[in-house]
1. Select from the range 107-122 the residues that are β-branched (Val, Ile, Thr) and either assigned to a strand (DSSP E or B) or within 16 Å of residue 38 (Cα to Cα) (or both) and list them in ascending order.
2. When you scan the range 6-92 for strands (runs of 3 or more DSSP E) that lie fully inside it, which ones turn up with 3 or more residues that are out of contact with any strand residue (DSSP E or B) (no Cβ under 9 Å at 6 or more places or on another chain)?
3. What is the one condition in (1) outside any helix (DSSP H, G or I); (2) in contact (Cβ under 8 Å) with a residue 60 or more places away in the chain that residue 104 does not satisfy?
4. Identify the residue in the range 129-139 that is of a type outside the set (Lys, Arg) and out of contact with any strand residue (DSSP E or B) (no Cβ under 6 Å at 6 or more places or on another chain) and, among all such residues, is surrounded by the most Cβ atoms within 10 Å (Cβ to Cβ).
5. Out of 82, 41, which single residue is acidic (Asp, Glu), farther than 24 Å from residue 181 by Cα and in contact (Cβ under 8 Å) with a residue 40 or more places away in the chain?
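The values are calculated or read from the model by the stated rules, or taken from the named source; none is laboratory data. The structure displayed is predicted, hence computed values, not measured ones. Here the Cβ positions follow ideal geometry from the backbone for every residue, glycine too, while neighbour counts run over all protein chains shown.
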Amino acid sequence: MAKLYFHYSSMNAGKSTALLQANHNYIERGMRPILYTAALDDRDGQGKIRSRIGIEEKAETFANGDDLYQLVKDMNGVRRVDCLLIDEAQFLNKDQVAQLGRLVDEEGIPVLTYGIRTDFLGEAFEGSRYLMAWADEIKEIKTICHCGKKATMNARVDASGKMEKEGEQIEIGGNERYVSLCRSCFAKGQTGL
């Protein structure tokens, strides 16, 4: 039975690695997964999912106005889609999360999404908020803070390693701009850098 899954974590926990492993597992069994990532995340080139450990795959991209239900349904009409894997799921909007639910419920396509739960201020992203509310299964992918506790927060840091407390919610970046922290270190502004 198809389900909508949300795998979440703070930055640098291995979400993309887990997604690429799931993709490999489907392909190894002779199935056809479709990969999507956010169009606005072009750090590694447009339409590419890349893990920090160096593995990567090409992917379709989604933008704010895209109807994911219709796009995947159309693909499925040409060649069977056995699974939909979505990286950077925090950048989905409410309508797109509902569309993913329709793919599961009406088309029987499992949807596995991977993303961060909160931004650098500790506020939920729209996509993550609705995935937390509507997903059939929610799984945390864990990583650790510099202090050794479980990291649950994402801090945006400047060039000197100091936490930033204002700015746009979305700023694409990697280890040079973000660090995963436990709630306590986040509250104290202790980045470990």
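1. Correct list: 111, 113, 116, 118.
2. none
3. (1)
4. The residue in question is 130.
5. Exactly one of 82, 41 is acidic (Asp, Glu), farther than 24 Å from residue 181 by Cα and in contact (Cβ under 8 Å) with a residue 40 or more places away in the chain, namely 82.
Here is a yes/no grid of residues against (1) surrounded by fewer than 21 Cβ atoms within 10 Å (Cβ to Cβ); (2) at pLDDT below 95; (3) closer than 24 Å to residue 130 by Cα:
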residue: 11; (1), (2), (3): no, yes, yes
residue: 21; (1), (2), (3): yes, no, no
residue: 53; (1), (2), (3): yes, yes, no
residue: 91; (1), (2), (3): no, no, yes
residue: 109; (1), (2), (3): no, no, yes
